[in-house]
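*Asks:* The structure's right below; bear with me while I get my questions together.
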Amino acid sequence: MTHTADTADTAGTADPSGEPLLRVRDLTKTFPVRSGGRTRQLRALGGISFDLRRGETLGLVGESGCGKSTLARTLLMLERPDSGTVRFDGVDPFTLRGARLLQWRRRVQMVFQDPFASLNARMTAGDIVSEPWRTHKDLFPSAKERGARVRELLGLVGLRAGDEHRYPQEFSGGQRQRIGIARALALDLSVQAQVLNLLNDLQRQLGVSYVFISHDLSVVRHVADRVMVMYLGGIVEQGGTEAVFGRALHPYSAALMSAAPSLDEAGRGRQIILEGELPSPLSPPSGCRFRTRCWKATDECAAASPEPAPDPEDGGHTAACFHPMGKEAEPVPAGRGAR
C-alpha cells in the first residue's frame, strides 16, 4: 500500500515530529464462517492501533493468517471495519462519498504482492497503467495526454516508452512489478522526477509513504523505517527497524528475527524453532494468543491479554508481553528448539 504526496515539496525522509499521515486506533474486523452446522465469527483483526508518518515505510510482518492482508484491505476501504477508527490526513475515509472519495483514492494505492496475477493478460502495459483514468476522467481527457503520461510513468519506473504496447507475459517478474508501481502512481499528478528504479528513490523524491507487507525479513529490514509484528489478528511488537531486529522484546518476534538470513554468521544468535501451528482464529487461546507456542508462558499469560508496554530504553519500541525478552540471549527449553 502506498500514499502519494499532494506536492513534490513534501519529499524527504519521515517526519517524526509532525502529525501522522495515517492514524489507526482499535481497529477490529470479523468475518462470519460456517463451521459445524453453525455460523461462527472469525476475528481477523483485534484492536489494531498504529501510526504511519509522512515519508515513512512501515514494515508489516507475521505468519500467513495473522491478518496482514485483511489490515491492508481495510486501510484501502476494500473491507469495512467492525469498530475502531482510521484517520488519513485527519479525515475518516469511510465517511467520504462522491468526488471526495475519488480524490482520496487518488492518494492511496496498492502494489500487489504477485505482479502477474494482478495484471490483466489481455491488456497491454499502457492500458494497465492508464486504467485508473477511466474512472478519473478529468485527469487526462485526451488520448494524446494519456499516451504521454503513460510513457512518462513507464520511464519513471525504469521501463522503456515502447513497452506500453507489450503484454504482461512478455515482461520479467521484476518488470511486471514495475508496471504495478507505475499503475499505483498513475493518479498522482505531482510526479515530476527523473528515471527511478527503487521504491526508496520514489520515497525520497516524492514523499511517498508505504505500508510494506512481506515475509522476506531481510527485505523489510532493508527498506522499513519501523516494523510492526502481527500474530493472530493483533500487534505483538512495533518499533524502529533496528530496535526490533536487533533486540526483539516479544518471544514471537525473537523467533521470527532469529530465522532471518544474515551475512554475519559469527554474530548471529541461535535460531528459535517454534512448535505447533498457528491457532485457529475461530478458537483462539485465552489471554495472550501466543502462549500456546511460547516457552515463557505462565498462568498470568492465560488469564489476561497483555497491553503494549514500552521498552525502558526506547519508548517508541513496544511489545505486548508479560515476560519480554531480556538484553542477553535467553535459553530456550528443550522441546521448543534452538539451533
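*Asks:* Going through segment 268-296 one residue at a time, which ones are part of a loop (DSSP other than H, G, I, E, B) and free of Cβ contacts under 8 Å to residues at least 24 places away in the same chain?
*Replies:* Arg268, Gly276, Glu277, Ser280, Ser283, Pro285, Ser286, Gly287
For (1) more than 23 Å from Gly47 (Cα to Cα); (2) of a type in the set (S, T, N, Q); (3) touching a residue at least 12 places away in the same chain (Cβ under 8 Å), each residue gets a yes or a no:
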| residue | (1), (2), (3) |
| --- | --- |
| Leu75 | no, no, yes |
| Phe88 | no, no, yes |
| Gly98 | yes, no, no |
| Leu101 | yes, no, no |
| Trp104 | yes, no, yes |
| Val108 | no, no, yes |
| Ser118 | yes, yes, yes |
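*Asks:* Right, something else. For Val211, indicate whether it is surrounded by 19 or more Cβ atoms within 10 Å (Cβ to Cβ), under 30 Å from Phe112 (Cβ atoms) and either modelled with pLDDT of 90 or more or among the aliphatic types (A, V, I, L, M) (or both).
*Replies:* When the stated conditions are applied, Val211 passes them.
*Asks:* Could you please find all residues in segment 240-267 being of a type in the set (Ser, Thr, Tyr) and either at pLDDT 95 or above or not in a loop (DSSP other than H, G, I, E, B) (or both)? Show your work before the answer.
*Replies:* Taking segment 240-267 and keeping what is of a type in the set (Ser, Thr, Tyr), we get 241, 252-253, 258, 262.
Correct list: Thr241, Tyr252, Ser253, Ser258.
*Asks:* What helices (runs of 4 or more DSSP H), lying completely within segment 24-139, carry at least 2 residues that are buried (at least 20 other Cβ atoms within 10 Å of the Cβ)?
*Replies:* 68-75, 125-130
*Asks:* Go through Gly67, Gly46, Gly90 for me and flag whichever is closer than 27 Å to His136 by Cα and modelled with pLDDT of 90 or more. It would help to see each step written out before you state the result.
*Replies:* On the way: Gly67 fails: closer than 27 Å to His136 by Cα; Gly46 fails: closer than 27 Å to His136 by Cα.
On inspection, the qualifying residue turns out to be Gly90.
*Asks:* Could you identify the single residue in Leu96, Leu52, Leu71, Leu60 that is in contact with a helix residue (DSSP H, G or I) (Cβ under 6 Å, 6 or more places away or on another chain), under 26 Å from Ser253 (Cα atoms) and not small (Gly, Ala, Ser)?
*Replies:* Among Leu96, Leu52, Leu71, Leu60, only Leu60 is in contact with a helix residue (DSSP H, G or I) (Cβ under 6 Å, 6 or more places away or on another chain), under 26 Å from Ser253 (Cα atoms) and not small (Gly, Ala, Ser).
Rundown of residues vs (1) among the hydroxyl-bearing types (Ser, Thr, Tyr); (2) in contact with a strand residue (DSSP E or B) (Cβ under 8 Å, 6 or more places away or on another chain), yes/no style:
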position: Gln205; (1), (2): no, no
position: Phe212; (1), (2): no, yes
position: Val223; (1), (2): no, yes
position: Val227; (1), (2): no, yes
position: Tyr231; (1), (2): yes, no
position: Ile235; (1), (2): no, yes
position: Glu242; (1), (2): no, no
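*Asks:* Would you mind finding the one in Ala184, Ala148 that is modelled with pLDDT of 75 or more and buried (at least 16 other Cβ atoms within 10 Å of the Cβ)?
*Replies:* Values: Ala148 fails: buried (at least 16 other Cβ atoms within 10 Å of the Cβ).
Unique residue meeting the criteria: Ala184.
*Asks:* Okay, moving on. Please work out which residue is surrounded by the most Cβ atoms within 10 Å (Cβ to Cβ), limiting yourself to segment 237-250 and to residues that are in contact (Cβ under 8 Å) with a residue 60 or more places away in the chain and more than 19 Å from Gln271 (Cβ to Cβ). Step through it out loud before you land on a result.
*Replies:* From segment 237-250, those in contact (Cβ under 8 Å) with a residue 60 or more places away in the chain are 237-241, 243-244, 247-250; that's our starting set.
Checking which are more than 19 Å from Gln271 (Cβ to Cβ) leaves us with 238-241, 243.
On the way: Gln238: 26, Gly239: 24, Gly240: 15, Thr241: 18, Ala243: 19.
Restricting to residues being in contact (Cβ under 8 Å) with a residue 60 or more places away in the chain and more than 19 Å from Gln271 (Cβ to Cβ), the top hit is Gln238.
The values are calculated or read from the model by the stated rules, or taken from the named source; none is laboratory data. As the structure is a computational prediction, the values presented were derived from the model and not from experiment. Glycine gets a Cβ as well: all are built from the backbone with ideal geometry, and neighbour counts include every protein chain shown.
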